[in-house]
Structures are given as C-alpha cells and as structure tokens.
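Student: First, the structure itself, so that you have it in front of you.
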Amino acid sequence: LMMFLRGSACIYQGEELGLPEADVAFDDLQDPYGIEFWPKYKGRDGCRTPMVWERDNAQGGFSSAARTWLPVAGEHLGLAVSAAEEDPGGLLHHYRRVIAFRHAQPALRLGTIEALKVDGHVLSFVRRYEDQAVFFALNMGEEPATVVPLEGNWAPAGGEINSAHPGADGNLHLAHWQPCIMLSTAGQG
C-alpha cells in the first residue's frame, strides 16, 4: 500500500527482513526514556539494534567489535540479509520487486490520486500522471473479497508482486491482504 500512495516511501531498518522488535535487557539500554521509564516503557532501543547482514556472525556482520552499542538480537540472526537472499519468494525480494514496480511507473512516483474508495475491507484508488493511470485495490480484511473492475481499457499488472488478475467472471477476487494492480492502456482509464 505504501508504495502506491502519494509521497515518499519510508522503510524502517529491518522492515524488509521482517525483523521483530528486539527485547533489549535493561543493562543494555541506551535510550534515556527507556531507562527512565523502565519497565512500563522500554524505550526505542528495541527498534535500533544493529542491522543483521550475516546469520553466521555473532555481531550479524554489522561490526567486528566485541560489543556493539546495542546488542545484536539473537532472534534476528536467522532473518539476516544473507538468509533472506537465499529465499527468492521471501520478504526482502518482495520489497525489491515492489520498489522496482513503483520506480518504473511515473504515475506512482509523480501522479495524483483519484477515485479513492473504501468498500468493506477493500481500499482502491487510481494514480494518474500525464497519459498513464494505475488502478490499485487492496483487500485489507482477513476474508476474500470481490471487486468489480473499473470501466475502461485496463491491463493486469504486478503479477510479480502477487497482484490479482480478473477471474473468468471478469471480477477481481482478492485473497486477504492481496492487491490488484491494473495499468491503463492507450492512455485511457
């Protein structure tokens, strides 16, 4: 969704790996707020631990120092970039594909947002720039949803990022958390 909305896309460190917030022991905290308000508020350090590049390295490949400012979370090592690179269907490669898709579509980088609609758990809109239009719908619910496609000349796109395509009945059948992406053809839509 973020890659299809207007504005800058911001990915927080580790989001592309699916890193959960680390549980940082009190003695390892650096965040003054976390220290002051422990244990009710643990501060921000759990989101600031070193990036894990290598799964077979005690410091995650982040540093060769014996001790880093914040500790490397042990549960993050199995999700390191080196492990993620080996899974073409994994989250890291999904992020790369979605970013590449956004980069390739001027309407997603520079366009307006139109026809914003919410129908049940499905959010949909059109992004438009010059002669290009991109239709985007996302089922944000847990149950499958059906969407009637927009009128006009639209071609399915985004298969590499799990975009739904029209079914035999012409409708879009979205699984939970599945998007549908369609591009206008011949500048229409």
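Student: At 1.4 Å probe size, with no ligands or nucleic acids counted, give the accessible surface of Ile35 in Å², nearest ten.
Tutor: Surface accessible to solvent at Ile35 totals approximately 70 Å².
Student: Could you pull out the GluC sites (Glu not before Pro) across the stretch 1-102 that fall in loop regions by DSSP (anything but H, G, I, E, B) with no more than 16 other Cβ atoms inside 10 Å?
Tutor: Glu21, Glu54, Glu85, Glu86
Student: Also, quick follow-up: Diagonalise the Cα gyration tensor of the stretch 97-189 and give the resulting equivalent ellipsoid semi-axes, square root of 5 times each eigenvalue, largest first, whole Å.
Tutor: After diagonalising the Cα gyration tensor, the semi-axes are 20, 14, 13 Å.
Student: Oh, and also: Top mean-square fluctuation among Ala115, Ala58, Ala157, Gaussian network model of the chain, C-alpha springs under 10 Å?
Tutor: Most flexible of the set in this elastic network: Ala115.
Student: If the viscosity is 0.890 mPa s and the temperature 25 °C, what Stokes-Einstein diffusion coefficient in µm²/s follows for the stretch 47-144 when Rh is the Kirkwood radius over Cα pairs?
Tutor: D = 147 µm²/s.
Student: Expressed as cubic angstrom per residue, what is the convex hull volume of the alpha carbon set of the stretch 141-189?
Tutor: 74
Student: For the stretch 73-189, give the percent of accessible area contributed by carbon and sulfur heavy atoms, probe 1.4 Å, rounded to a whole number.
Tutor: Whole-percent figure for carbon plus sulfur exposure: 57.
Student: If you count only protein heavy atoms with a 1.4 Å probe, what accessible area per residue comes out for the chain, rounded to a whole Å²?
Tutor: I get 58 Å² per residue for the chain.
Student: Could you compute how much accessible surface Tyr33 exposes when probed at 1.4 Å, giving the result in Å² to the nearest 10?
Tutor: It works out to around 120 Å².
Student: Whenever you get a sec, line up Met182, Met140 from highest to lowest accessible area (probe 1.4 Å, protein heavy atoms).
Tutor: Final ranking, largest accessible area leading: Met140, Met182.
Student: Compute, for Trp38, the solvent-accessible surface of its heavy atoms (probe 1.4 Å) with the complete set of protein chains present, and express it in square angstrom to the nearest 10.
Tutor: Result for Trp38: roughly 80 Å² accessible.
Student: Can I ask one more? Among (1) 46, 35, 28; (2) 61, 36, 33; (3) 58, 33, 26, only one was calculated for this model; which label is it, if the read-out is Cα extents along the principal axes in Å?
Tutor: Step by step, Cα extents along the principal axes in Å for this structure corresponds to label (2).
Student: Using label points projected 7 Å from each Cα along Cα→Cβ, tell me how many nm separate Glu142 and Tyr12, to one decimal.
Tutor: Roughly 2.3 nm, to one decimal.
Student: Tally Lys/Arg at +1 and Asp/Glu at -1 over every other residue whose Cβ is under 12 Å from the Cβ of Val147; what's the total?
Tutor: -1
Student: Taking the 0 to 90 degree range and rounding to the nearest ten, how far is the long axis of helix 91-104 tilted relative to the main principal axis of the chain, both from C-alpha atoms?
Tutor: With both axes taken from Cα atoms, the answer is about 50 degrees.
Student: Quickly estimate the mean residue ellipticity at 222 nm for the chain, helices only: each DSSP H run with n ≥ 4 gives -39500 (n - 2.57), and the total goes over all residues, rounded to 500.
Tutor: Rounded to the nearest 500, it is -4000 deg cm²/dmol.
Student: Now for a separate question. Largest first, what is the accessible-area ranking of Cys180, Cys47 with a 1.4 Å probe?
Tutor: My answer, sorted largest first, is Cys47, Cys180.
The values are calculated or read from the model by the stated rules, or taken from the named source; none is laboratory data. In this text the structure is predicted, and so the values were computed from the model without any measurement. All Cβ positions, even for glycine, are placed from backbone atoms using ideal geometry, and neighbour counts span all protein chains on display. SASA here: full protein model, heavy atoms, side chains in, ligands and nucleic acids out. Shrake-Rupley method; radii C 1.70, N 1.55, O 1.52, S 1.80 Å.
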